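Just below is one structure, and these are the notes that go with it.
The values are calculated or read from the model by the stated rules, or taken from the named source; none is laboratory data. None of the values given here were measured: they were computed from a predicted structure. Note that each Cβ is placed from the backbone with ideal geometry, even for glycine, and that neighbours are counted across all protein chains shown.
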């Protein structure tokens, strides 16, 4: 059958599934072990480290192959790969262009103990079985083959918008965060921004004609410093998540393991009302959420049928805008019983931390009830409740002078 | 007999208590409603991580004279490769502390303050969205900002031509480089 332009054609027929494909396929029933080398940017040495570890495993007697290696023309990387057997690439024709991709069926037929697969976030050319390389890796792992792979932090879906805003460059190839979450080990390859820039200037990352463009765009020291911080935080979060899950599995509290992921990540909720002073509380809560790397919800419990004044309507609109710019979620619940509604929403959202302003002085019989913070702590054991002070009412004597 | 008297006294005390309880808050509400309310809104837009001290002081002087609310507004710029509704945490990391610092300074003067955040493809676009959503009686901007960082002269001309509000543009004063920045923040973190 003739191929038409635009119709992807694999250079050889699609492979059968591992069982159908042949006799050498490892199907032990155990999933392979995935180790991901993550870094803040290209050039920090992820691929290099992956290859070094591949050699070490080979010397230890394991059957190691390189499933896919992207050297990007780096001599050092190509040199270190010598001595490791490589699985030939799959050739795909797309719009009359020959594209090389990883040959998953060939890896499965070869059935090594360990496979090195570079660039986990790569998007495959049309015509390859899976659209994304991480899906190829899943298939290799399912066949019981261990995998070492590499990833830059900006490819994580949840960080993509933030990094685009930071660097001005949208990274198109992303992977769901869950892929990294499923990795058995995440290894951070760290390098200071200064050292990375030295490597770039020395031509160790890109060819000479691309160095200036890189320095003027992505490889700015402030970008790299921020990316490094993001990478460090991300790996710290992964390590924390794995530690808690490991501690829980097999313990007498094994049943808690299912709840562990929810308990690991902090989630803040700020209790708001539509009046101007609430924005201060939202900003404080947002700062706290940034420091904790947590999601932020804003909750307003509205009395059923409550009418808003014109001022309150304006404050609510301003609150919505602020929430949107900060990346927080504004929730509005109708209830006659605010503590019950807050507790219900906190449970539903997995809140670990509540921030609220000082309550208005109670009047009448309401004076007999415990304060809202105390009622929340009784209803939500294990959730921190923080009452935020109004800093503007502090003595102005404490204020540092403004800049001259 | 005596027990009936005690009961009558108790009921009377409860009724008096309820009446006082009703009257006092309503009296307070009435008193609050009689208080002079701010009738004017003064917008004080900014884009970077500091604002001119002169613009701030002008806003405070006018607000005091006119019993107005000062509305500092952080104008965030959305890069073209992001949707307009995107969260902007990196810009907010510098803009929010400054907003907080301005609020603290305004509050310490005993003036009402009500912050805003505008978002657009440029500072002018963010300001336009803000002005479409709400009415402001007066806008105070400083013309001594670096045009790359804040409102350019073109933006100021656009403000004068298009915006139906009183606009106060402060002339650049090279000798007066005083600024208010987030470093003036009183314990934000």
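Per the conditions (1) within 14 Å of another protein chain (Cβ to nearest Cβ); (2) surrounded by 19 or more Cβ atoms within 10 Å (Cβ to Cβ), the sole criterion not satisfied by residue A:169 is (2).
Quick check on the range B:57-84: of everything there that is in contact with a strand residue (DSSP E or B) (Cβ under 8 Å, 6 or more places away or on another chain) and part of a loop (DSSP other than H, G, I, E, B), which residue is modelled with the lowest pLDDT? Of everything passing the filter in the range B:57-84, B:84 is modelled with the lowest pLDDT. Looking for something in contact with a helix residue (DSSP H, G or I) (Cβ under 7 Å, 6 or more places away or on another chain), modelled with pLDDT of 75 or more, surrounded by fewer than 17 Cβ atoms within 10 Å (Cβ to Cβ) and at negative phi - is there at least one such residue anywhere in the range A:234-241? No, the range A:234-241 has no match at all. Scanning the range A:272-314 for residues that are at pLDDT 90 or above and either in a strand (DSSP E or B) or outside the structural domain of residue A:342 (by TED's automatic domain parsing) (or both) yields A:296, A:297, A:298, A:299, A:300, A:301, A:302.
Listed here are the residues, each with its yes/no results for (1) closer than 22 Å to residue B:100 by Cβ; (2) free of Cβ contacts under 8 Å to residues at least 12 places away in the same chain; (3) assigned to a helix (DSSP H, G or I).
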| position | (1), (2), (3) |
| --- | --- |
| A:351 | no, no, no |
| A:366 | no, yes, yes |
| A:370 | no, yes, no |
| A:373 | no, no, yes |
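Considering the range B:100-112 alone, what residues qualify as being within 19 Å of residue A:315 (Cα to Cα) and either facing chain A (nearest Cβ under 7 Å) or surrounded by fewer than 23 Cβ atoms within 10 Å (Cβ to Cβ) (or both)? Show your work before the answer.
Residues of the range B:100-112 that are within 19 Å of residue A:315 (Cα to Cα), as a first pass: B:100, B:102-104, B:106-107, B:111-112.
Passing the criteria: B:100, B:103, B:104, B:107, B:111, B:112.
Somewhere in the range B:123-142, is a residue modelled with pLDDT under 85, away from chain A (no Cβ under 14 Å), more than 26 Å from residue A:319 (Cα to Cα) and within 19 Å of the chain's Cα centre (by Cα)? Don't jump to the end; show me each part of the working.
We begin by selecting, within the range B:123-142, every residue modelled with pLDDT under 85; these are B:142.
Applying the additional criterion that residues be away from chain A (no Cβ under 14 Å) yields B:142.
After this cut, where a residue has to be more than 26 Å from residue A:319 (Cα to Cα) as well, the list is B:142.
Cutting the leftovers down to within 19 Å of the chain's Cα centre (by Cα) gives us B:142.
Looking through the range B:123-142, at least one residue is modelled with pLDDT under 85, away from chain A (no Cβ under 14 Å), more than 26 Å from residue A:319 (Cα to Cα) and within 19 Å of the chain's Cα centre (by Cα).
If you take the residues in the range B:70-90 that are touching a helix residue (DSSP H, G or I) at 6+ places or on another chain (Cβ under 7 Å) and within 26 Å of residue B:168 (Cα to Cα), which one is nearest to the other protein chains (Cβ to nearest Cβ)?
Residues of the range B:70-90 that are touching a helix residue (DSSP H, G or I) at 6+ places or on another chain (Cβ under 7 Å), as a first pass: B:70, B:72-77, B:79, B:81-82, B:85-90.
Of the ones still in play, those that are also within 26 Å of residue B:168 (Cα to Cα) are B:70, B:72-77.
On the way: B:70: 11, B:72: 10, B:73: 10, B:74: 8, B:75: 11, B:76: 6, B:77: 10 Å.
Step by step, filter the range B:70-90, then rank; the result is B:76.
When residue B:36 is tested against the conditions (1) in a helix (DSSP H, G or I); (2) modelled with pLDDT under 80, the lone failure is (1).
Screening residue A:314 against (1) farther than 23 Å from residue B:93 by Cα; (2) away from chain B (no Cβ under 11 Å); (3) more than 24 Å from the chain's Cα centre (by Cα) leaves a single unmet condition, (2).
For residue A:264, state whether it is closer than 21 Å to residue A:325 by Cβ and either in the same structural domain as residue A:182 (by TED's automatic domain parsing) or at pLDDT below 85 (or both). It would help to see each step written out before you state the result.
Working: closer than 21 Å to residue A:325 by Cβ: no; either in the same structural domain as residue A:182 (by TED's automatic domain parsing) or at pLDDT below 85 (or both): yes.
It is false that residue A:264 is closer than 21 Å to residue A:325 by Cβ and either in the same structural domain as residue A:182 (by TED's automatic domain parsing) or at pLDDT below 85 (or both).
Scanning the range A:202-219 for residues that are touching a residue at least 12 places away in the same chain (Cβ under 8 Å) and more than 17 Å from residue A:77 (Cα to Cα) yields a count of 5. Scanning the range A:31-69 for residues that are farther than 20 Å from residue A:139 by Cα and in a loop (DSSP other than H, G, I, E, B) turns up A:40, A:41, A:42, A:43, A:44, A:45, A:60, A:61, A:62.
Check whether at least one residue in the range A:191-205 is away from chain B (no Cβ under 14 Å) and on the phi > 0 side of the Ramachandran plot, and report yes or no. Walk me through it before giving the result.
Residues of the range A:191-205 away from chain B (no Cβ under 14 Å): A:191-205.
Narrowing the set further to residues that are on the phi > 0 side of the Ramachandran plot leaves A:203.
Scanning the range A:191-205, I find at least one residue that is away from chain B (no Cβ under 14 Å) and on the phi > 0 side of the Ramachandran plot, so the answer is yes.
Residue B:54 falls short on exactly one of the conditions (1) at pLDDT 85 or above; (2) crowded, with 18+ Cβ neighbours inside 10 Å; (3) out of contact with any helix residue (DSSP H, G or I) (no Cβ under 8 Å at 6 or more places or on another chain); (4) in a helix (DSSP H, G or I), and that condition is (1). Looking at (1) within 18 Å of the chain's Cα centre (by Cα); (2) over 15 Å from residue A:43 (Cα atoms); (3) within 14 Å of another protein chain (Cβ to nearest Cβ), which one does residue A:232 not meet, given that it meets all the others? If we test residue A:232 against (1) within 18 Å of the chain's Cα centre (by Cα); (2) over 15 Å from residue A:43 (Cα atoms); (3) within 14 Å of another protein chain (Cβ to nearest Cβ), just (3) comes out false. Any residue at all in the range A:161-171 that is at pLDDT 75 or above and either under 26 Å from residue A:78 (Cα atoms) or outside the structural domain of residue A:47 (by TED's automatic domain parsing) (or both)? Yes, the range A:161-171 contains at least one residue that is at pLDDT 75 or above and either under 26 Å from residue A:78 (Cα atoms) or outside the structural domain of residue A:47 (by TED's automatic domain parsing) (or both). Report, by residue number, each residue of the range A:327-340 that is touching a strand residue (DSSP E or B) at 6+ places or on another chain (Cβ under 7 Å) and either crowded, with 18+ Cβ neighbours inside 10 Å or within 14 Å of chain B (Cβ to nearest Cβ) (or both). Those that are touching a strand residue (DSSP E or B) at 6+ places or on another chain (Cβ under 7 Å) and either crowded, with 18+ Cβ neighbours inside 10 Å or within 14 Å of chain B (Cβ to nearest Cβ) (or both): A:328, A:329, A:330, A:338.
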